[in-house]
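**Q** Mind having a look at this structure? Questions to follow.
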Amino acid sequence: MTQHDPVCGMEIEPQSAFAKREHMGQTFYFCSQSCVDQFDKDPHHYMMTSATTGFNPQMTLTRIELPVSGLPLKDHATHLESTLRAVNGVAEVKVNVAANRLEVQYDAGKVDVSKLVGAVKSIGFQVGGTNVKIGIENLRCASCVKFIEDELKSTQGVLNATVNIATQEATVDYLPQNTTLAELNKAIETWGYKSRQATSDAPVDKQEEAHANEYRKLMNKFWFAAAISVIVMITAYYQIVPVLRDLSMDSLRLVWGVTALLTLPVMFWSGSDFFTGGWAAFKHRSANMNTLIALGTGAAWLYSTFAILFPSVFPEGTSEPFYDVVAVVIALVVLGQALELRAKGQSSSAIKKLLGLQAKTARVIRDGKEMDIPVEEVLVGDVIQVRPGEKVPVDGVIVEGSSAVDESMLTGESMPASKKMGDEVIGATINKTGAFKFRTTKVGKDTALAQIVKMVQDAQNSKAPIARLADTVSGYFVPIVMILAVWTFVVWFAFGPQPQLVYALVTSVTVLIIACPCALGLATPMSLMVGIGKGAESGILIRSGEALQTARAIQIVVLDKTGTITKGKPELTDVILGEQSSVDSDQLLKLASSVEKVSEHPLAQAIVDGAQARKLKLAEVKDFEAIPGHGVSAKVEDKNILIGNLKLMNRENIALGSLEEKSKSLADDGKTPMFIAIDGKAAGIIAVADTVKEDSAEAIAVLQKMGIEVVMITGDNRRTAEAIARKVGITRVLAEVLPEDKANNIQQLQAEGKQVAMVGDGINDAPALAQADVGLAIGTGTDVAIEASDITLIKGSLKGVVTAIEVSRATMTNIYQNLVGAFFYNVLGIPVAMGLLFPFFGVLLSPLIAGAAMAFSSVTVVGNANRLRGFKPKFTAR
Amino acid sequence: MSPSQITVVLFGLGLTILIAWYFWFAPKAQTRVAVSASGAQEVAITVRGGYTPDVIVVQKGRPVRLTFTRQESSACSEKVLFPDFNQNANLPEGEQVTLEFTPDKAGEYGFQCQMGMLRGKLIVE
């Protein structure tokens, strides 16, 4: 039986082997001295006995740690343990609930990792390995596939590996904590192959590369066609060319015959796409731009060739060729396509920018050691160290340290957000001041950035309803142009001046060439792509072209109060002292917050936070008692403290004096006042309220200036609601609306015949968001994929609503410009090409000019769409 | 009118009818998709100047798996869109790209390249 040299992989007969070695009970054969030397240096490296783990069966027990996810480990730990223990060969199972990890000791001779993984998966868990694709250069031999697969599988930590020779890629499932990408690459390189980044993993770069190739190809085709065009033009205008004008008709025909041959490669190489594309479309009973160009240039060439071959068939003066039309039109249209491609590349720059935000590496702490690994290898649950000035690689929650993080790239918010333990951090944001460690919660495709990119890409490729009109038109467009060309020919031939055949042919070819269905087809998608990308740059994720189009015509914006206009979290607003108070306001607050620190009331936290903001030290609390429906009582610093509502004060017979009046006016402002009594005497009032976001009023004013009615909707009582509404300048308030009735209220507004947008938090407001013509969800941080919404504002600011509408308006204007431009271009161009101006002004369009016009009309459309890139929202993010 | 003019007029009429019939009225060949062992309706589509096949008939309620292979470098066809299903894919030249979704409403749905030059139709029954 032939054996493989473990070092070079060569197949050798054991008897003719150069050398042989025994290692851990196995025999190895070698082809040469150098292979033996390499083996002797590190024999262990070449052990391939246990195919999946790299652990040797002779070592008694193998230990592996598997990160598990999918089910709450706490509840299923025992089940998981017993399932694994039942697997033959498993010696010891430990479940670490806190770290979501599983530690297994097993006999690698009896069971392999893939079986363990299978057992874990069989009860509903997932094993948190990761999957990577590695490109392999010049992988030709099918037999090497097996070697590379085995080599990968024998690398420690690899769960499974397959190599696909067709795509030249290896797909590897592995545990990133046990190996690194570099190790995997090394495994491939031991077999003499070079690894590279997998092509299917880098779609944007690849597309860019494909574009660059296509551009080069088109430009080559153009230069060739242009060079031929020059020669053909000289022969076409022979009357003004010194040598040619003296030639006899017969020698001229010979010259033309040469140009006929010269234009053939122009048609079938430079213009090959028109002919193959036109033919492919024809077979499908459809027609497009290719059909028109192919017909136009084809007809011109055929006529010209007939004319020079059989001049006697044609009337006097009509036997001159039009090879110039063929060559020049193809050259121009190819150039147009190249320029269009270049311009298109710029349109997708938003996605490139977003992807460029991604950090390349992460500093992960594993087993107490810091190591830099590629960001693709980061796992959920890893702890990552981020130093000042570094990018946060993936999404997670801070577990140690605090810092200010610049999130402007994702949220458009220019002020760095301060982050402390327990706060979320988002991948691709930049850590400014402090160092911190965070535990990753989302990696790879699940990170906020990856989801944003996916959403933006999907939206860019979606369709605005207006595009359907253009689609319907272009469905009929080309055959209509063909029919028009036929009748142009007929009319010129039957009623035109002499030489009829020449006029008829030139005009009908001009009609075919000037018609530009591409400009119509490009008008919407190009602007949409730029517009949606522009939104994303400002932290506004527009889900589809439809949402973008509807947002333009919004007449009413309904704002949810809590969390949308306001911060959604009560804050301490007022501390008022009573006339006979024995303490000052700081002391009052200190006493009150000391008591509230113990309380579990939702408003209590606001008071404690307020005290902390004033850097007050809290005192010790004794005899705390909650009095349901009234308030609380406690003893602080030997003082009897009462905090509560009017009922509590009345029950305890405490005289309030002017405080009662003041509390009423606070309540009128939408605040919640609480009385405080010290040792049976009224000491003051502390008020808390859900405060308005700093920029709400400004954003609402701008919306109103844009001619949009702003309505507030809330479940709160009318008094509180109106107090807030007054503050931000809203006059129409829908108060005391039950959550389930919000959608109904939206419907009623729509019944007024208005286009209604709803802005809410996306969770409680989901039905209302769905009911509205456009639902805008206010997301915070990582929560970008809010299903019910048409538009997501990543940052909680209402300014995003303004920007969203601005982006929509600018994009739609751009689309209209494109559509109207493309439409008028065709509506004006075709009749002129048909010769409609001829009877009045004697003007006819040259087919060469028609070719240029057609080529540059689509470039113009793409160029106009790119103008949108310069659009600046009113509230510029940075 | 001379005989040649009359011939040209008649020829023009005939050609008009032919164009209208060929592009609009003639019935198009439809490709019915069989349901594979996995329960999905699988069809391979070649992209080269057009989609082959371009009229695809599928049943509703079953997943449809369309595998596109683009065999040209022209940038026109680099994307395929199914606007009604909010599905789209980049089609790198020479690579198989699979789109999968489940149509749950009967009807005719167009698919196309980004600017609508190449078109096909998905008929859901």
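The values are calculated or read from the model by the stated rules, or taken from the named source; none is laboratory data. Keep in mind that this is a model prediction, so the values were computed, not measured. Glycine also receives a Cβ, built like all others from the backbone with ideal geometry; neighbour counts cover every protein chain displayed. When the accessible area is computed, the model is the full protein with side chains, heavy atoms only, and any ligands, DNA or RNA have been set aside. Shrake-Rupley method; radii C 1.70, N 1.55, O 1.52, S 1.80 Å.
**Q** What is the residue count in region B:5-49 for residues that are within 14 Å of chain A (Cβ to nearest Cβ), at pLDDT below 85 and open to solvent by less than 30 Å² (accessible area, probe 1.4 Å)?
**A** 2
**Q** Now for a separate question. Just one of the numbered conditions (1) free of Cβ contacts under 8 Å to residues at least 60 places away in the same chain; (2) closer than 30 Å to A:V378 by Cα; (3) open to solvent by less than 10 Å² (accessible area, probe 1.4 Å) is not true of A:A428; which one?
**A** That leaves (1) as the condition not met.
**Q** Sort out which residues of region B:54-76 are open to solvent by less than 30 Å² (accessible area, probe 1.4 Å), more than 9 Å from chain A (Cβ to nearest Cβ) and not β-branched (V, I, T), and write them in order of number.
**A** Residues satisfying the conditions are B:L66, B:F68, B:R70.
**Q** What is the one condition in (1) away from chain B (no Cβ under 14 Å); (2) of a type in the set (A, V, I, L, M, F, W, C); (3) under 35 Å from the mean Cα position of the chain (by Cα) that A:L254 does not satisfy?
**A** Only one criterion in (1) away from chain B (no Cβ under 14 Å); (2) of a type in the set (A, V, I, L, M, F, W, C); (3) under 35 Å from the mean Cα position of the chain (by Cα) is unmet by A:L254, namely (3).
**Q** Let me ask something else about it. I need the full set of residues from region B:69-89 which are over 18 Å from A:G545 (Cα atoms) and either touching a strand residue (DSSP E or B) at 6+ places or on another chain (Cβ under 7 Å) or part of a loop (DSSP other than H, G, I, E, B) (or both), in order please. Give the steps one after another, and end with the answer.
**A** Taking region B:69-89 and keeping what is over 18 Å from A:G545 (Cα atoms), we get B:69-78.
Scanning region B:69-89 gives B:T69, B:R70, B:Q71, B:E72, B:S73, B:S74, B:S77, B:E78.
**Q** Only one residue in A:W269, A:W279 is farther than 30 Å from A:V473 by Cα and either within 13 Å of another protein chain (Cβ to nearest Cβ) or part of a helix (DSSP H, G or I) (or both). Which one?
**A** Numbers: A:W279 fails: farther than 30 Å from A:V473 by Cα.
The conditions single out A:W269.
**Q** Only residues that are open to solvent by less than 10 Å² (accessible area, probe 1.4 Å) and out of contact with any helix residue (DSSP H, G or I) (no Cβ under 7 Å at 6 or more places or on another chain): list them for region A:281-318, please.
**A** A:A307
**Q** I'm told A:S508 meets every condition in (1) open to solvent by 30 Å² or more (accessible area, probe 1.4 Å); (2) at pLDDT 85 or above except one. Can you identify the failing condition by its number?
**A** Here A:S508 clears every test but (1).
**Q** Exactly one condition in (1) modelled with pLDDT of 85 or more; (2) open to solvent by 50 Å² or more (accessible area, probe 1.4 Å) is false for A:M649; which is it?
**A** (2)
**Q** Which of (1) touching a residue at least 60 places away in the same chain (Cβ under 8 Å); (2) within 27 Å of A:H284 (Cα to Cα) is the odd one out, the single condition A:G521 does not satisfy?
**A** A:G521 satisfies all of (1) touching a residue at least 60 places away in the same chain (Cβ under 8 Å); (2) within 27 Å of A:H284 (Cα to Cα) except (1).
**Q** Okay, moving on. Can you pull out the residues in region A:723-741 that are open to solvent by less than 20 Å² (accessible area, probe 1.4 Å), part of a helix (DSSP H, G or I) and in contact with a Gly (Cβ under 8 Å, 6 or more places away or on another chain)?
**A** Correct list: A:A723, A:I724.
**Q** Here's something else I'd like to know. Can you tell me which residue within region A:466-486, out of those that are at the interface with chain B (Cβ under 7 Å from one of its Cβ atoms) and modelled with pLDDT under 80, is nearest to A:L505 (Cα to Cα)? Don't jump to the end; show me each part of the working.
**A** The first filter runs over region A:466-486 and keeps only residues at the interface with chain B (Cβ under 7 Å from one of its Cβ atoms), leaving A:471, A:474, A:479, A:482-483, A:486.
Restricting the remaining residues to those that are modelled with pLDDT under 80 gives A:471, A:474.
Details: A:D471: 30, A:S474: 25 Å.
Taking the candidates together, the pick is A:S474.
**Q** If you go through region A:62-85 one residue at a time, do you hit one that is in a loop (DSSP other than H, G, I, E, B) and modelled with pLDDT of 70 or more? Don't jump to the end; show me each part of the working.
**A** At the first step, the residues of region A:62-85 found to be in a loop (DSSP other than H, G, I, E, B) are A:70-72.
Checking the rest, the ones that are also modelled with pLDDT of 70 or more come to none.
Within region A:62-85, not a single residue is in a loop (DSSP other than H, G, I, E, B) and modelled with pLDDT of 70 or more.
**Q** Look through region A:195-207, keep the residues that are away from chain B (no Cβ under 11 Å) and in contact with a Lys or Arg (Cβ under 8 Å, 6 or more places away or on another chain), and return whichever of them is modelled with the highest pLDDT.
**A** A:A198
**Q** Report yes if some residue within region A:590-612 is touching a residue at least 40 places away in the same chain (Cβ under 8 Å), closer than 30 Å to A:M758 by Cα and either more than 44 Å from the chain's Cα centre (by Cα) or in a helix (DSSP H, G or I) (or both); otherwise report no. First the steps, then the outcome.
**A** Start the filter on region A:590-612 by keeping residues that are touching a residue at least 40 places away in the same chain (Cβ under 8 Å), which leaves A:591-592, A:594-596, A:603, A:606-607, A:610.
Cutting the leftovers down to closer than 30 Å to A:M758 by Cα gives us A:603, A:606.
Now restrict to residues that are either more than 44 Å from the chain's Cα centre (by Cα) or in a helix (DSSP H, G or I) (or both): A:603, A:606.
Yes, there is a match, as at least one residue in region A:590-612 is touching a residue at least 40 places away in the same chain (Cβ under 8 Å), closer than 30 Å to A:M758 by Cα and either more than 44 Å from the chain's Cα centre (by Cα) or in a helix (DSSP H, G or I) (or both).
**Q** Still on this structure, I have one more. Of all residues in region A:487-527, how many are facing another protein chain (nearest Cβ under 10 Å) and within 39 Å of the chain's Cα centre (by Cα)?
**A** 10
**Q** Moving to a separate point now. Identify all residues within region A:216-236 that are surrounded by fewer than 16 Cβ atoms within 10 Å (Cβ to Cβ) and either of a type in the set (V, I, T) or in contact with a Gly (Cβ under 8 Å, 6 or more places away or on another chain) (or both); write none if there are none.
**A** A:V230
**Q** Being touching a residue at least 60 places away in the same chain (Cβ under 8 Å) and not charged (D, E, K, R) is the filter here, so list the residues in region A:628-672 that pass it. Explain how you work it out, then say what you get.
**A** Within region A:628-672, the first condition is being touching a residue at least 60 places away in the same chain (Cβ under 8 Å), and the residues that meet it are A:656-659, A:662, A:666, A:671-672.
Correct list: A:L656, A:G657, A:S658, A:L659, A:L666, A:T672.
**Q** To continue, here is another question. Of the numbered conditions (1) at pLDDT below 75; (2) surrounded by fewer than 17 Cβ atoms within 10 Å (Cβ to Cβ); (3) of a type outside the set (G, A, S), A:N213 fails exactly one; give the number of that condition.
**A** Of (1) at pLDDT below 75; (2) surrounded by fewer than 17 Cβ atoms within 10 Å (Cβ to Cβ); (3) of a type outside the set (G, A, S), only one is false for A:N213: (1).
**Q** Quickly run through region A:670-713 and pick out the residues that are of a type in the set (G, A, S) and open to solvent by 30 Å² or more (accessible area, probe 1.4 Å). Walk me through how you get there before you give the answer.
**A** Looking only at region A:670-713, we keep the residues that are of a type in the set (G, A, S), and these are A:670, A:677, A:680, A:682-684, A:687, A:689, A:696-697, A:699, A:701, A:707.
Answer for region A:670-713, where residues must be of a type in the set (G, A, S) and open to solvent by 30 Å² or more (accessible area, probe 1.4 Å): A:G680, A:A697, A:A701, A:G707.
**Q** Checking the conditions here, which among A:G863, A:G835, A:G829, A:G800 is crowded, with 24+ Cβ neighbours inside 10 Å, in contact (Cβ under 8 Å) with a residue 40 or more places away in the chain and over 18 Å from A:A464 (Cβ atoms)? It would help to see each step written out before you state the result.
**A** Values: A:G863 fails: crowded, with 24+ Cβ neighbours inside 10 Å; A:G835 fails: crowded, with 24+ Cβ neighbours inside 10 Å; A:G829 fails: crowded, with 24+ Cβ neighbours inside 10 Å.
Criteria check complete, one pass: A:G800.
**Q** If you go through region A:529-563 one residue at a time, how many are within 25 Å of the chain's Cα centre (by Cα), more than 20 Å from A:A467 (Cα to Cα) and part of a loop (DSSP other than H, G, I, E, B)?
**A** 2
**Q** Residues to consider are A:A504, A:A494, A:A485; find the one that is touching a residue at least 60 places away in the same chain (Cβ under 8 Å) and either of a type in the set (A, V, I, L, M) or in a loop (DSSP other than H, G, I, E, B) (or both).
**A** Details: A:A504 fails: touching a residue at least 60 places away in the same chain (Cβ under 8 Å); A:A494 fails: touching a residue at least 60 places away in the same chain (Cβ under 8 Å).
Exactly one of A:A504, A:A494, A:A485 is touching a residue at least 60 places away in the same chain (Cβ under 8 Å) and either of a type in the set (A, V, I, L, M) or in a loop (DSSP other than H, G, I, E, B) (or both), namely A:A485.
**Q** Output the qualifying pairs, or none if there are none: Cβ atoms under 6 angstrom, residues six or more apart or on different chains, first residue in region A:541-552 and charged (D, E, K, R), second residue open to solvent by 10 Å² or more (accessible area, probe 1.4 Å).
**A** Final answer for the pair search is A:R543/A:D790; A:E546/A:P465; A:R552/A:R809.
**Q** Kindly indicate whether A:F840 is over 20 Å from A:L335 (Cβ atoms) and of a type in the set (A, V, I, L, M, F, W, C).
**A** Details: over 20 Å from A:L335 (Cβ atoms): yes; of a type in the set (A, V, I, L, M, F, W, C): yes.
So A:F840 passes the test.
**Q** Out of A:K463, A:K420, A:K445, I need the residue that is touching a strand residue (DSSP E or B) at 6+ places or on another chain (Cβ under 9 Å), more than 14 Å from every other protein chain (Cβ to nearest Cβ) and open to solvent by 20 Å² or more (accessible area, probe 1.4 Å). Which one? Show your work before the answer.
**A** Details: A:K463 fails: more than 14 Å from every other protein chain (Cβ to nearest Cβ); A:K445 fails: touching a strand residue (DSSP E or B) at 6+ places or on another chain (Cβ under 9 Å).
Only one candidate passes the filter, namely A:K420.
**Q** Filter region B:99-125 down to the residues that are away from chain A (no Cβ under 14 Å), in a strand (DSSP E or B) and open to solvent by 10 Å² or more (accessible area, probe 1.4 Å) and list them by number.
**A** The first filter runs over region B:99-125 and keeps only residues away from chain A (no Cβ under 14 Å), leaving B:100, B:102-107, B:122-125.
Then drop every residue that is not in a strand (DSSP E or B), which leaves B:100, B:107, B:122-124.
B:E100, B:G107, B:I123, listed by residue number.
**Q** Filter region A:397-442 for residues that are polar (S, T, N, Q) and touching an Asp or Glu at 6+ places or on another chain (Cβ under 6 Å) and give the result.
**A** First, the residues of region A:397-442 that are polar (S, T, N, Q): A:402-403, A:408, A:411, A:414, A:418, A:429, A:431, A:433, A:440-441.
Answer for region A:397-442, where residues must be polar (S, T, N, Q) and touching an Asp or Glu at 6+ places or on another chain (Cβ under 6 Å): A:T429, A:N431, A:T440, A:T441.
**Q** Still on this model: Assess whether A:T573 counts as being among the hydroxyl-bearing types (S, T, Y), in contact (Cβ under 8 Å) with a residue 60 or more places away in the chain, within 30 Å of B:M117 (Cα to Cα) and open to solvent by 30 Å² or more (accessible area, probe 1.4 Å).
**A** Details: among the hydroxyl-bearing types (S, T, Y): yes; in contact (Cβ under 8 Å) with a residue 60 or more places away in the chain: yes; within 30 Å of B:M117 (Cα to Cα): no; open to solvent by 30 Å² or more (accessible area, probe 1.4 Å): yes.
Answer is no for this residue.
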